[in-house]
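A short worksheet on the structure shown next.
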Amino acid sequence: MSLTPESMNLIKGKLVVSCQAAPGDPLEDTETIRRIARAAVGGGAAGLRVNSAEDIAAIRRDTDLPIIGIKKKYLNGQLRITPDFESAAELAAAGANIVALDCTNRTWPFGDPWQEIVERIHRELNLLVMADIATLGEALAAAAGGADMIGMTLNGYTEETRGNSAFSWPLLADLVRQTGRPIVAEGHISTPAEARRAIENGAWSVVVGSAITRPGTITARFVDAIGRRHKTTSAIGVDIGGTSIKAGLVDREGRVSFISQTPTRAREGRDAIAAAAEQVIENVLTAARNEGIQPCGLGIASAGAIDVQTGVVFAATDNLPGWAGFDLRGFAEERFHLPVQVNNDAHAAVLAELHFGLGRELSDFVAITIGTGVGGGIVSGGKLLCGQHGFAGTIGHHTIRFDGRPCNCGRLGCLEAYVSTAALIQEYESQNVRRQNEPGTPDATLALRISQLASAGDTAALQAYSVLAGYLAEGVANIFNILDPEAVILSGGLVEGHAGFVTEVEQRATSLLHFGGKRKPRVRLSEAGQYAGVQGAAASVF
Ligand SMILES: [Zn+2]
């Protein structure tokens, strides 16, 4: 086909304005969006991108310009753009010329396969399709699947591309060169100069949204630039663990105030955990507001694997029964009407290290927290690695002994099976030290006693620590071999309890390491305290 459809020609080399309001935004109202669109058209926009049939129908009464229609749908907190043919048909009936839909290769719990939607939009609606993608691979698949145009909309918004907070010029170049389709530059274009550059670099057209149509976002950019916001705003951080839930108000320097804490009531299941969390958040919020402080957001750290993008608990252990699948962000947003960020608790501790701890001076480090288990996280280039499912940095479950001790995860020989409070107690007692503790004493208490004995020079306690240091050195050496970070930072009561432990781990890791003497791997003791999870959760809001 050599003829380009008219609506595509009308936006060639031109600006399309995305007229949408975020959920909960004061401008989220059809008549308001209609007026914003009218202003954009008055300013010379060649086309519009609009969410929902209702808004399109309203705007269509004012203009004949091409409209790229989308329908955002949420389920369990997950967002997808035009996830089913029915939505596309509604957009068409309302007057859209082009239907944009999510053609990323993410898997979704609902909706039709995008290939099927593309085919039916062409056949039954006779409209053009713009494929919203995040990567070159997805764009090539969309082109092969019949998409008429490719939009870069979702770059930075999928697990694979998370962290891309600027427009990707290399991706634009690749798409222009390789897809054979008109490329719509969209997402993170915030200045007129960037819009012009996109066209000069081969984009068919440029879609700009927030930088034109969202006063809240624009205001925040100015406030941030002036720097006042930096000094005045605080966020609430919440740390949901297997035994307790902690919350507090955290300022930009990491100072925690208005601390509230409660038992998790994990055995009572999901609703009880959620209710306990709600209560501590409410306590902090009330205390802050009584002091005239309005928190800028709510950060939640939870045990288990968390889908950072959707805020849904992806997986959880038996420590939090029924917690998997819970839409934690949706729950908190609904109750507190604040922006909410959700992270895994180990990752939150790493964020605390990055923003408020030793990590401030580092761009590449690995943090390991040792307690009942071993948690961890990897910071690379100043950013926390989450991985596809939020599992990146699960250092506790890498194997240090083939066919070794059984681990809670079901495998054999994991680091966590050798380095933990339980392992420390086991080593100590295996040296025929008569157990002088009453039965039922919690592991944490026993471990604390051993650390006190070690600090006092007790031979058996020192020996137990030394055995653990040997195992941990294996894991740490593996980390240095694989990632070559600037430092490995250790935290947790077990580590903090005995001053010589970190030094011994560093020495033994060095001796195990390939070219260890030349590399001088640094192992350091974290300065983070018991509220690292709370601080890190809040940092994710900042
Ligand atoms: Zn394991």
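Quick rundown of the values:
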| quantity | calculated |
| --- | --- |
| Length released on extending from Ala456 to Glu119, taking residue separation times 0.36 nm less the Cα-Cα span | 113.9 nm |
| HN-Hα J in Hz across the range 268-282 - Karplus 6.51, -1.76, 1.60, θ = phi - 60°, x for Gly and Pro | 7, x, 3, 5, 5, 5, 4, 5, 5, 5, 4, 5, 5, 5, 4 |
| Distance violations [Cα-Cα > 30 Å] among Lys14/Lys73; Lys383/Lys518; Lys12/Lys71; Lys72/Lys246 | Lys72/Lys246 |
| FRET E, pair Ala444, Ala225, Förster distance 45 Å, beta-carbon r, rounded to 0.05 | 0.45 |
| Pairwise FRET efficiency - Glu31 versus Glu361, Cβ, R0 = 41 Å, nearest 0.05 | 0.20 |
| Dimensionless Rg over Rh [the range 1-134; C-alpha; Kirkwood] | 0.96 |
| Interchain or long-range residues, amide H under 5 Å from Ala316's placed H | Ala305, Ala324 |
| Hz values of 3J(HN,Hα) by residue in the range 380-386 - Karplus curve (6.51, -1.76, 1.60), Gly and Pro given as x | 10, x, x, 10, 6, 7, 9 |
| Cα convex hull volume per residue for the range 204-266 (Å³) | 164 Å³ |
| Cα-projected label distance for Ala193 with Ala93, points at 7 Å along beta-carbon direction, nm | 4.7 nm |
| Derived scalar couplings ³J(HN,Hα) [the range 185-194; Karplus, 6.51 cos²θ - 1.76 cosθ + 1.60; whole Hz; x for Gly, Pro] | 7, 8, x, 6, 8, 10, 9, x, 5, 5 |
| Equivalent ellipsoid, the range 4-83 (semi-axes from 5 times Cα gyration tensor eigenvalues, Å) | 22, 16, 10 |
| Packing rank of 283-290, 410-417, 337-344, where each peptide gets the mean count of other beta carbons within 10 Å, highest leading | 337-344, 410-417, 283-290 |
| Crossing angle, helix 30-42 versus the chain [Cα axis fit, 0-90 degrees, rounded to tens] | 60 degrees |
| Sites Ile482 and Asp318, calculated FRET efficiency, Cβ-Cβ separation with R0 30 Å, nearest 0.05 | 0.50 |
| Cβ crowding within 10 Å averaged over residues, with 17-23, 481-487 ranked highest first | 17-23, 481-487 |
| Distant alpha-carbon pairs in the range 154-275 (separation over 20 angstrom), percent | 65 percent |
| Ratio of the Cα radius of gyration of the range 97-230 to 2.2 N^0.38 Å, where N counts its residues | 1.14 |
| Cβ-based exposure ranking for Phe336, Phe331, Phe515, in which fewest neighbours within 10 Å come first | Phe515, Phe336, Phe331 |
| Cα-based Rg of the chain normalised by 2.2 N^0.38 Å, two decimals | 1.11 |
| Packing rank of 195-205, 528-538, 83-93, where each peptide gets the mean count of other beta carbons within 10 Å, highest leading | 528-538, 83-93, 195-205 |
| Degrees between helix 169-178 axis and first principal axis of the chain (Cα, 0 to 90, nearest 10) | 60 degrees |
| Rounded tilt (10° steps) of 85-94 against the dominant C-alpha axis of the chain | 40 degrees |
| Compactness of the range 255-353 - radius of gyration and Dmax, Cα, Å | 13.4, 40 |
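No value in this document is a laboratory result; all are computed from the given coordinates. Source: prediction; values computed, not measured. Positions of Cβ are backbone-derived with ideal geometry, glycine not excepted, and every protein chain shown enters the neighbour counts.
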